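The structure under discussion appears below in the form of structure tokens.
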Amino acid sequence: MTIVAGLQARDLGARGSKLALGDSDPAGSIPLSALRVLAAVPRWWAARAAAVGLQPPWLDVERAIEAPAPSLGAVAPDESVRGSWSGERLGQAYVDALSREIRLRHGRHYTPAELSGTLWRMARRALGHGATARRLSGLVQDPASGAGALLLPPLREHLAAHGTVDAEFTIAGLPNVISGVDTDPYAVWLANVVLAAEALPAFASIPARRRPKFPQIVRVGDGLQVDRGQARVVIMNPPYGRVRLSRADRERFGDVLYGHANLYGLFMAAGLEALDDEGVLAALVPTSFMSGLYFTNLRDTLAKKASLREATFVVDRGQTFSGVLQETCMVVFSRKKGRRTVIASMNGHIDQVARVKTPKGAGPWLLPRRADDAPFAAAAISMPLTLREVGWEASTGPLVWNRRKGDLGPTPVRGSVRVVWASDIDGGHLHRDRERDHLRYLKLAGPEDEATMVLAQPAVLVQRTTAPEQRRRLVVAELTSAELEANGGRVVVENHVNVLRPRASAVLSQRVLTQVLKTTTVDRVMRCLCGSVAVSAYELEALPLPAESVLAEWEAADPDDLPRLVAEAYRL
């Protein structure tokens with residue numbers, strides 16, 4: 001995965017600075033442990049080259065490949081690195097040797113072989129390739145290549161299809177069919193070594209007198225500066241995080257931006273630009289692009305210019321990317337339009353979940369994450385209304401507590417108001433979480449706080465952030481008139497809680513809406529709608545609902561019958 005320094009404050013206009021190998025790491029100092037892994041690479045190469053019968057000088061990695069080696073100084077090699085290691089394991093060792101803080105801050109996560117192989121197979125299916133290995137007929141490009149993990153499967157297939165016939169021609173032509181870019185010069189060098197090692201049998205079959213250096217496939221550079229319309233496949237595991245754009249980049253990506261820019265969304269947009277007329281975009285990305293408000297225009301662009309052919313949700317992302325909390329998926333888009341999308345789930349093995357209508361438009365995409373979610377998603381897609389359209393508006397609680405630490409206390413004082421925390425609505429009813437009682441009251445600062453912080457009307461409260469292992473995605477409690485009166489007629493809601501308020505035209509009453517949101521059926525629908533563990537106000541307002549005549553039946557129903565009626569409305 002590419003390195004981007006200071007994601008929260010980086011100006012992409014300065015992103016493409018030319019870093020010479022041997023310069024300081026562009027995202028902060030590389031720890032000694034990682035440098036020791038790199039120092040062991042020449043010995044690893046020599047063992048791999050000797051195993052296929054090569055002799056000096058081809059056992060010297062600097063003599064054998066064009067990519068210039070970084071200057072590491074007098075660093076002792078890591079003795080644990082073995083010549084029998086695969087290229088994937090060597091790349092993983094480099095990333096593992098980085099500090100956790102560097103990996104999280106700069107998004108350095110190596111793609112495991114299981115995921116890189118799966119993503120390439122998904123891309124092959126979108127290209128219409130069968131089971132037999134095929135020579136690459138167009139450019140496969142990774143704009144955030146890191147140590148080259150995602151390029152290894154297509155390279156292996158290309159080499160297997162050629163065999164050792166005309167190996168000199170095959171190797172010389174590799175830069176025309178395999179290409180990578182990354183801003184980390186150390187990872188770039190390692191990627192070139194790892195990819196060259198895959199071609200060693202073919203390399204060894206070339207007579208020594210005609211044997212050239214192995215060509216450089218991965219280069220140091222800016223992965224967002226791609227040649228448009230040149231690639232048959234763009235395959236990526238891009239960095240992610242909010243980023244500040246230069247004026248030029250904001251103009252370039254204007255069609256896919258909506259509010260804050262997220263780096264992985266820019267990489268997906270640039271990857272789409274880079275595809276030829278038959279091209280395929282294959283990406284390992286957070287699922288938030290499928291429903292988040294800030295990805296509204298990106299979804300619209302993707303749907304207009306390509307079709308989502310496959311989506312595989314990675315269930316056990318904790319073992320895949322250490323410290324990453326966002327839900328993750330592998331998606332493949334094709335320039336060739338299609339009507340159906342294959343949905344799968346990956347948790348040690350891959351299970352097909354469903355075949356659904358290919359999502360279109362800028363709104364949240366309803367996609368089942370599990371096989372038993374498929375009926376919920378299919379029914380929800382056909383619903384004629386949304387929660388916003390039936391008169392309910394959602395907003396996020398305004399209190400960001402760590403910005404107001406000095407105004408929070410355990411007891412009420414003059415001008416203070418009780419705070420409602422996310423933990424106060426655990427279990428589906430409003431209560432006081434004792435662990436939050438030391439921050440129970442907020443002292444208002446003046447008229448502005450009165451206008452922006454205070455909630456003085458009954459509402460439905462929904463936790464904004466849940467854990468993936470939680471049984472429910474929708475954790476809901478009703479703020480009743482009685483609760484408000486008991487707290488002086490007003491409360492302050494912190495920003496891990498969404499607040500649902502009715503307009504005058506609201507079809508469902510507060511009591512019934514609370515009960516509907518608590519049903520298992522609607523909870524499962526929301527799991528198909530949410531692209532992350534966070535339940536945003538935008539996604540709540542987009543919740544699909546049946547026709548007003550059905551909602552009227554819910555309103556008049558006995559509360560004990562409501563779960564059954566809701567399930568029937570969603571055809572379950």
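The values are calculated or read from the model by the stated rules, or taken from the named source; none is laboratory data. None of the values given here were measured: they were computed from a predicted structure. Cβ: placed from backbone, ideal geometry, glycine included. Neighbour counts: every protein chain shown.
Only one residue in ALA394, ALA451, ALA380 is out of contact with any helix residue (DSSP H, G or I) (no Cβ under 7 Å at 6 or more places or on another chain) and small (Gly, Ala, Ser). Which one? Before you say what the answer is, go through the steps one by one.
Working: ALA394 fails: out of contact with any helix residue (DSSP H, G or I) (no Cβ under 7 Å at 6 or more places or on another chain); ALA380 fails: out of contact with any helix residue (DSSP H, G or I) (no Cβ under 7 Å at 6 or more places or on another chain).
Checking each option against the conditions leaves just ALA451.
Does region 147-176 hold any residues that are of a type in the set (Gly, Ala, Ser) and either out of contact with any Lys or Arg (no Cβ under 7 Å at 6 or more places or on another chain) or outside the structural domain of PRO201 (by TED's automatic domain parsing) (or both), and which are they?
Kept after step one, since they are of a type in the set (Gly, Ala, Ser), are these residues of region 147-176: 147-149, 160-161, 163, 167, 172-173.
Hits for region 147-176 are ALA147, GLY148, ALA149, ALA160, GLY163, ALA167, ALA172, GLY173.
I'd like to check something: does region 410-424 contain any residue that is of a type in the set (Lys, Arg), assigned to a loop (DSSP other than H, G, I, E, B) and surrounded by 14 or more Cβ atoms within 10 Å (Cβ to Cβ)? Let's see the steps before the verdict.
Of region 410-424, the ones of a type in the set (Lys, Arg) are 414, 418.
Add one more test, that the residue is assigned to a loop (DSSP other than H, G, I, E, B), and what stays is 414.
Filter once more, keeping what is surrounded by 14 or more Cβ atoms within 10 Å (Cβ to Cβ): none.
No, every residue in region 410-424 fails to be of a type in the set (Lys, Arg), assigned to a loop (DSSP other than H, G, I, E, B) and surrounded by 14 or more Cβ atoms within 10 Å (Cβ to Cβ).
I want to confirm something. Restricting to region 130-179 and keeping residues that are among the hydroxyl-bearing types (Ser, Thr, Tyr) and not in a helix (DSSP H, G or I), which single residue is modelled with the lowest pLDDT?
Filtering region 130-179 for residues among the hydroxyl-bearing types (Ser, Thr, Tyr) gives 132, 137, 145, 164, 170, 179.
If we keep only those that are not in a helix (DSSP H, G or I) as well, we get 132, 137, 145, 164, 179.
Values: THR132: 90, SER137: 89, SER145: 94, THR164: 72, SER179: 96.
Among residues in region 130-179 that are among the hydroxyl-bearing types (Ser, Thr, Tyr) and not in a helix (DSSP H, G or I), the one modelled with the lowest pLDDT is THR164.
Determine whether region 307-314 contains at least one residue that is aromatic (Phe, Trp, Tyr), under 24 Å from VAL356 (Cβ atoms) and modelled with pLDDT under 95. Spell out how you get there, then give the answer.
Our first condition is that a residue be aromatic (Phe, Trp, Tyr); within region 307-314, this holds for 313.
Within this subset, residues satisfying the condition of being under 24 Å from VAL356 (Cβ atoms) are 313.
Retained after the next criterion (residues that are modelled with pLDDT under 95): 313.
Within region 307-314, one or more residues are aromatic (Phe, Trp, Tyr), under 24 Å from VAL356 (Cβ atoms) and modelled with pLDDT under 95.
Inside region 228-242, can you point out the residues that are closer than 22 Å to ALA187 by Cα and in a loop (DSSP other than H, G, I, E, B)? Step through it out loud before you land on a result.
So in region 228-242, the residues closer than 22 Å to ALA187 by Cα come out as 233-241.
ASN237, PRO238, PRO239, TYR240, GLY241 - these are the residues of region 228-242 that are closer than 22 Å to ALA187 by Cα and in a loop (DSSP other than H, G, I, E, B).
Is there a residue in region 63-72 that is in contact with a Lys or Arg (Cβ under 7 Å, 6 or more places away or on another chain), at pLDDT 95 or above, not hydroxyl-bearing (Ser, Thr, Tyr) and not in a helix (DSSP H, G or I)?
Within region 63-72, one or more residues are in contact with a Lys or Arg (Cβ under 7 Å, 6 or more places away or on another chain), at pLDDT 95 or above, not hydroxyl-bearing (Ser, Thr, Tyr) and not in a helix (DSSP H, G or I).
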